[in-house]
């Protein structure tokens, strides 16, 4: 009705048929609205039994990332526990376990510079012909068979009273430095005094230290074999006066004379 003239504007008869049509129209409208909300909004993911290919891919990717993070966390925990044992003077009973590394073969092709090719050939030749192990009476008594870290001459002997806890071995620059025994790298870093330094923990509470390298080939946590190249002879660090290797050997936390364990040139 018009409020001013009271004229009839619109009328609807509530007959049974009209009521059914009206209810049917409301049901159809709200049904269409509900369908559109489900089909074109993220609400559909809340429905039980609904499968979305993209959503499943995201779940799988997330699960793989979580598994990878858990594996990395376990490796870090094992490394920290082993490091605590080493620093406390203990012996690693699971050295072979902590040294396991997965190796994935890859077919890589890249161009090598002439300098790199020459250096690789030099290291390969020295590794190839370095098949003998220098024997020493003191080392044999303790059950050690040590490789010489470099083919060089001793220019500064072991003298703990003057604070020189190792021996200096003069050798050509960029000659490879070898690990004297199997072990695990516990430090691979650079210091202003000693330059590039690498330390290796061996069995029987034995630690070897290699200082003043031009470059380091192994990272902390890496497992190395006796005679394996771990660095290159250099002149890094403020305490270096020429290309050489400062080599230290520590047994049960005490510095020992490397010349009692190795047959080094003089």
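Cβ-Cβ contacts under 8 Å between residues 6 or more apart (or on different chains), taken from a first residue in segment 73-85 that is under 15 Å from residue 187 (Cβ atoms) to a second residue that is part of a helix (DSSP H, G or I), are listed as 79/98; 82/98. Name the residues in segment 235-250 that are over 17 Å from residue 176 (Cα atoms) and at pLDDT below 90, would you? The answer is 237, 238, 239, 240, 241. For the residues 255, 231, the requirement of being more than 19 Å from residue 214 (Cα to Cα), surrounded by 16 or more Cβ atoms within 10 Å (Cβ to Cβ) and at pLDDT 90 or above singles out 255.
Can you pull out the residues in segment 202-228 that are farther than 18 Å from residue 243 by Cα, part of a loop (DSSP other than H, G, I, E, B) and over 13 Å from the mean Cα position of the chain (by Cα)? Walk me through how you get there before you give the answer.
Filtering segment 202-228 for residues farther than 18 Å from residue 243 by Cα gives 202-208, 218-228.
Next, from what is left, pick out any that are part of a loop (DSSP other than H, G, I, E, B): 203-205, 218-222, 225-228.
If the condition is that a residue be farther than 18 Å from residue 243 by Cα, part of a loop (DSSP other than H, G, I, E, B) and over 13 Å from the mean Cα position of the chain (by Cα), then 203, 204, 205, 225, 226, 227, 228 are the ones that fit.
Would you check if there is a residue in segment 157-177 being within 20 Å of the chain's Cα centre (by Cα), part of a loop (DSSP other than H, G, I, E, B) and outside the structural domain of residue 83 (by TED's automatic domain parsing)? Within segment 157-177, not a single residue is within 20 Å of the chain's Cα centre (by Cα), part of a loop (DSSP other than H, G, I, E, B) and outside the structural domain of residue 83 (by TED's automatic domain parsing). Restricting the search to segment 128-153, which residues are touching a helix residue (DSSP H, G or I) at 6+ places or on another chain (Cβ under 7 Å) and at pLDDT 90 or above? The answer is none; no residue qualifies.
With respect to being touching a strand residue (DSSP E or B) at 6+ places or on another chain (Cβ under 8 Å) and either modelled with pLDDT under 90 or not assigned by TED's automatic domain parsing to the domain that holds residue 244 (or both), residue 203 fits the description.
The values are calculated or read from the model by the stated rules, or taken from the named source; none is laboratory data. These figures come from a predicted structure and were not determined experimentally. Here the Cβ is made from the backbone with ideal geometry for all residues, glycine too, and neighbour counts use every protein chain on show.
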